[in-house]
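The values are calculated or read from the model by the stated rules, or taken from the named source; none is laboratory data. On a predicted model such as this, the values are computed, not experimentally measured, just so you know. Cβ placement follows ideal geometry from the backbone for every residue including glycine, while neighbour counts extend to all protein chains displayed. These area figures cover heavy atoms from the full protein model, side chains too; ligands, DNA and RNA do not enter into them. Shrake-Rupley method; radii C 1.70, N 1.55, O 1.52, S 1.80 Å.
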Amino acid sequence: MGLGSILLSSVLCGLLLVLVALGAVAALPDKILRGMAFWRTEILAVLWAIAGVTALTGAAFRVEGELGWFPVFGADGPSLPMLAILACVGALVGRGRAGVACVLACLGVLALSPLVFGLFTGTALVLLAGHGKRGLCLPFAVLPACIPADSSLSVPLLGVMVLLIGWAIAVQRGPLGVLPACIGLFLLGRLLAEVGELPLLSQGVLLACGGVVACAGLAQAMRNQQATALVAGMAACWYGMLVLALVLALSSPLGGADTFRTTVVLGMGAPVVALLGMLWVAQQSDAGEGGILQTRAARCLLGVVLAQCSVLPPCGGFAVLWAALAGGSYSVEATQPVMALLAVMLVVFFVALGVMLSAALVRAGLLLLSAPQGKADAPAAMVLPLWVCAVLSSVLAFVPGTWLFVADHLVVGPPLLPVTWQDMTTVHFAGHAARLTPLLVLLGLALVLLATALLVRVFGFMPFAPALRQVTAWRQGAPVYEIPPDRNGPASVVESCSGGGLLPLWPAWRGFFTTPAAVTALRVPGARGILPRRGKVFWRYARRCLFVAISWCEAQGMVLILLLMGAGLLAGLFVGK
């Protein structure tokens, strides 16, 4: 046995043992664990940290292969970096069904057989779905793993998978929303790497599905008033953007495919870790943990996490957009005019999504910081996940060469050049002159702020003068109605008005249209006759039958997954012939 075999066996055996221990600690009841139940959260966090460090070590040393005595699990290029990301998700999720789902997703990533991958990840998606129609629909997302990659059904099923995974991300609450995104990106990258270059129509289908998921997530983030739903929409938008970059990197004939590959690797680094911190804060805020963001340190950490997801110049989101712009530039230089125009349109759409996502970040920050706070300050241990996410995302953003070196094979492609100490702080592409050094950008911004502070201190110049007159929010820019001084209005109007007897028009119109008389006048009269009544009866009967069928499918979820895997295997055998 050589040194490589010993390292491979140590990494794989260590990961499998840690994952088995994680599944046991997350699923076993308190009666069996006895005294360990009190320390369950700490034990899970330590085990997930061990799994993440082991995966990063194996990825840094390029560990690849399988165990000869147990050829079910193995390690290759994308497995170990993705396992490190899943370890961050599992450390924030905790115990119960969510913890078991993270363990099953990790085992699926390490599986060598597509059928075993589909079995583990399909079960994880069922555990995420809970009750309702999601439990029936989400297992179909792993169908592309059960058929040959060169089949004619592969691209339509991949489009369905992208849409279903986007739906799963949008409905999740908390850090668990990143788990289906990792499963979807891992499967999509594997299959696109096997297929290679796709026809233009197939590329358009996958790009359209990714764009639909990104736009739907962005609309949810801009319209929802709940913190967890808002951040889940941002996670779905980020997943759709990475799907666009992954399709351009692996299935398009563009000249800058390696730059889009770097875009995906950067997008799975600092922005995802920062997004995990935001998802955790939003879940704690909606759960009533008001003391989480009461201290100044916690608010500063939240600001760091929000900045790392945004397109501000030194941060992780800016590096992703910079790589996408560089990829568009190189693609235009080495492509026909029509394809160049399409590439420019896609890159502009990608950048527009990133800018709008930054606007949603502002909205999320205002919503989280304006939430009602608790009476007592939160202990330091309560904000420990936010500390980890903020520090780790900052390291990955300002020293991006470290993550690019570790996650070199996260997306299949040519290996990077040998890494030096100077390359640890830069983002560069093989064969191209474009380079980005976030630390230099950060230093430039710090010098600009210092110069501005000195000018203000020396000359007494304030760039933003305070407002001369402060007006209440509901009176800014709105027409008002002035009540005559000799006429007294109703008691309710007089009590609700302030500031010299001024009455806003919008509350008056809203009160008018919400009165019972107005609602009755605007209501459409109901349909009459025998056919509408029979239609209503038939609809109630059909809906009851549908509810009964869905409840049966939920009860038999594991059996349906096994049947689904078997049917997919048989279909793959026949299609392969």
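Overview of values
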{"read-out": "Selection status of VAL304, surrounded by fewer than 23 Cβ atoms within 10 Å (Cβ to Cβ), within 22 Å of the chain's Cα centre (by Cα) and in contact (Cβ under 8 Å) with a residue 60 or more places away in the chain", "value": "yes"}
{"read-out": "Given (1) free of Cβ contacts under 8 Å to residues at least 60 places away in the same chain; (2) surrounded by fewer than 18 Cβ atoms within 10 Å (Cβ to Cβ), number of the condition LEU164 does not satisfy", "value": "(2)"}
{"read-out": "Hits in the range 216-227 (condition: part of a helix (DSSP H, G or I) and in contact (Cβ under 8 Å) with a residue 40 or more places away in the chain)", "value": "ALA216, GLY217, LEU218, GLN220, ALA221, MET222, ALA227"}
{"read-out": "Condition check for ALA208: open to solvent by 10 Å² or more (accessible area, probe 1.4 Å), under 21 Å from PHE350 (Cβ atoms), touching a helix residue (DSSP H, G or I) at 6+ places or on another chain (Cβ under 7 Å) and part of a helix (DSSP H, G or I)", "value": "no"}
{"read-out": "Residue within the range 24-43 that is in a helix (DSSP H, G or I), closer than 23 Å to GLY108 by Cβ and hydroxyl-bearing (Ser, Thr, Tyr) present", "value": "no"}
{"read-out": "Tally, over the range 44-93, of residues that are open to solvent by 50 Å² or more (accessible area, probe 1.4 Å), part of a helix (DSSP H, G or I) and without any contact (Cβ under 8 Å) to a residue 40 or more places away in the chain", "value": "3"}
{"read-out": "Single unsatisfied condition, ALA397 versus (1) out of contact with any Gly (no Cβ under 6 Å at 6 or more places or on another chain); (2) at pLDDT 85 or above; (3) over 24 Å from ALA75 (Cβ atoms)", "value": "(1)"}
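Let's see how each residue does on (1) touching a Pro at 6+ places or on another chain (Cβ under 9 Å); (2) within 19 Å of MET382 (Cβ to Cβ); (3) assigned to a helix (DSSP H, G or I):
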residue	(1), (2), (3)
ALA229	no, no, yes
ALA232	no, no, yes
CYS237	no, no, yes
LEU244	no, no, yes
GLY255	no, no, no
THR259	no, no, yes
TRP280	yes, yes, yes
